[in-house]
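Following: one structure in structure tokens, then a few remarks.
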Amino acid sequence: MKLDKIKVKNFKSLKEVDLNLSNLTLISGVNSSGKSSLIQIFLLMQDNINFYYQPINKPYTFTSELGDKKSLLHQNSLGEDIVFEFGYNNTFSGIKLDFKFKAESFYDRDEGNNDNLIDFFEDSFYYLNTDRIAPDLTFPYSETAIENNSIGTKGEFTAHYLAEKSKDILNILALKHKDSKTQNLLENTEKWLNEISDNVKISANADVATQSAKLTYQYYYADDKNLFTTSEQNPLNVGFGLTYVLPVIVAILKSKPGDFLIIENPESHLHPKGQSKIAQLCAIAAHNGVQIIVETHSDHFLNGLRVATKNKIINKNESQIYFFRKEKDGLDTIAHPINIDENGRLSDYPKDFFDEWDTQLDKLLW
């Protein structure tokens, strides 16, 4: 199932927002402009999907950490309901919550099948937080997560996942790295990681006795006759960015057509070249049936997507950019749509949309 639209009314600063969702939807904007609020809606739906089975007008209990319930209602709301609607297959399904946060209705406006939306959030939705797990000597272990094809919202089970699934064949063969000799998950993870740091090798092991997992790295180099490798290094002794980006790479490589993936700030702790390569990886997955929302502050990620479009890695109609900003009163979020054409050019350049380079350069020149 592919989500085509999301409509939001009266949730925090999202008084009335209507977004078209593409294969790859890029969300950008200044701080506190409503980007995280949009993502919280998806997380709320996944965490609380069982509200569908509650009797109507019974109190709705949030498991998501969103703070005081009444503070989630838009300050200038003319009504007392928060509404989330999701469009797919010419159908809209959604939930309406009253000001006391009782589930007034979970409905299908076009009389379709709500079970499609339930199944979507239970089986197809994955999320990676911007606060991903940091380098360490050991990492968490979870058989349940692996069985559910999950690496955790912080990527905390990535090491365990790689240990158990290292020889799994990629679901999307287009994600196979050009230098990989196999279609195995671990080798392709390693080759894509080489786009971040040259000549790196990964090992992942899981120990059921200690309920922990480990990662180690090696670097290799060659002369005219021989191939040499360094000694194994734990994640604390290599660059921070390697371990931090690893869940992003694995989340994309393990995906299959029909999956829906949200990634916050995939560019964190990466060199600009690495940021562009992650954009390319996202573009390949999106072109091959994975629906992705990326929240980013990186012009390098944006430009990587533009180049991928120009190079026909992703079609111009398979991406959509939204620039979030607040109205002058500081209360309402406006989602400004921007498109990429077949040559990688942008349809619009609103103020504060990745323009800081030019702004600072002007100050240096003048």
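The values are calculated or read from the model by the stated rules, or taken from the named source; none is laboratory data. All figures in this text were calculated on a predicted structure; none of them were measured in a lab. No Cβ is skipped: glycine too gets one built from the backbone with ideal geometry, and neighbour counts run over all protein chains shown. Surface areas here come from the heavy atoms of the whole protein model, side chains and all, with no ligands, DNA or RNA. Shrake-Rupley method; radii C 1.70, N 1.55, O 1.52, S 1.80 Å.
Of the residues making up region 276-308, those that are over 18 Å from Leu175 (Cβ atoms) and among the polar types (S, T, N, Q) are Thr296, Ser298, Asn303. Just one of Ser37, Ser93 is within 26 Å of Asn317 (Cβ to Cβ), at pLDDT 75 or above and in contact with a strand residue (DSSP E or B) (Cβ under 8 Å, 6 or more places away or on another chain); which is it? Residue meeting the stated conditions: Ser93. Listed here are the strands (runs of 3 or more DSSP E) enclosed by region 244-349 that have at least 2 residues being not hydrophobic (A, V, I, L, M, F, W, C): 291-295, 319-326, 333-338.
Which of the residues spanning region 212-243 are assigned to a loop (DSSP other than H, G, I, E, B) and either open to solvent by 30 Å² or more (accessible area, probe 1.4 Å) or without any contact (Cβ under 8 Å) to a residue 60 or more places away in the chain (or both)? Selection gives Asp223, Asp224, Lys225, Asn226, Thr230, Ser231, Glu232, Asn234, Gly239. Within region 250-274, no residue that is free of Cβ contacts under 8 Å to residues at least 12 places away in the same chain sits with its Cβ atom under 9 Å from a residue that is acidic (Asp, Glu) at 6+ positions apart or across chains.
Given the structure, is Pro266 of a type outside the set (A, V, I, L, M) and under 14 Å from the mean Cα position of the chain (by Cα)? So Pro266 fits the description; yes. Of the numbered criteria (1) modelled with pLDDT of 80 or more; (2) touching a Pro at 6+ places or on another chain (Cβ under 9 Å), the one Lys100 fails is (1). Mind checking whether some residue in region 107-123 is open to solvent by 40 Å² or more (accessible area, probe 1.4 Å), at pLDDT 85 or above and not aliphatic (A, V, I, L, M)? Yes, because at least one residue in region 107-123 is open to solvent by 40 Å² or more (accessible area, probe 1.4 Å), at pLDDT 85 or above and not aliphatic (A, V, I, L, M). Scanning region 157-211 for residues that are of a type in the set (Val, Ile, Thr), open to solvent by 40 Å² or more (accessible area, probe 1.4 Å) and more than 22 Å from Phe139 (Cα to Cα) yields a count of 2.
Checked against (1) under 28 Å from Asn149 (Cβ atoms); (2) buried (at least 16 other Cβ atoms within 10 Å of the Cβ); (3) modelled with pLDDT of 60 or more, Ile82 passes all but a single condition, namely (1). Under the condition of being open to solvent by less than 40 Å² (accessible area, probe 1.4 Å), in contact with a strand residue (DSSP E or B) (Cβ under 6 Å, 6 or more places away or on another chain) and closer than 19 Å to Val245 by Cβ, the residues counted in region 130-154 number 1. Across region 23-34, the number of residues qualifying as open to solvent by less than 10 Å² (accessible area, probe 1.4 Å) and either in a helix (DSSP H, G or I) or closer than 22 Å to Asn317 by Cα (or both) comes to 6.
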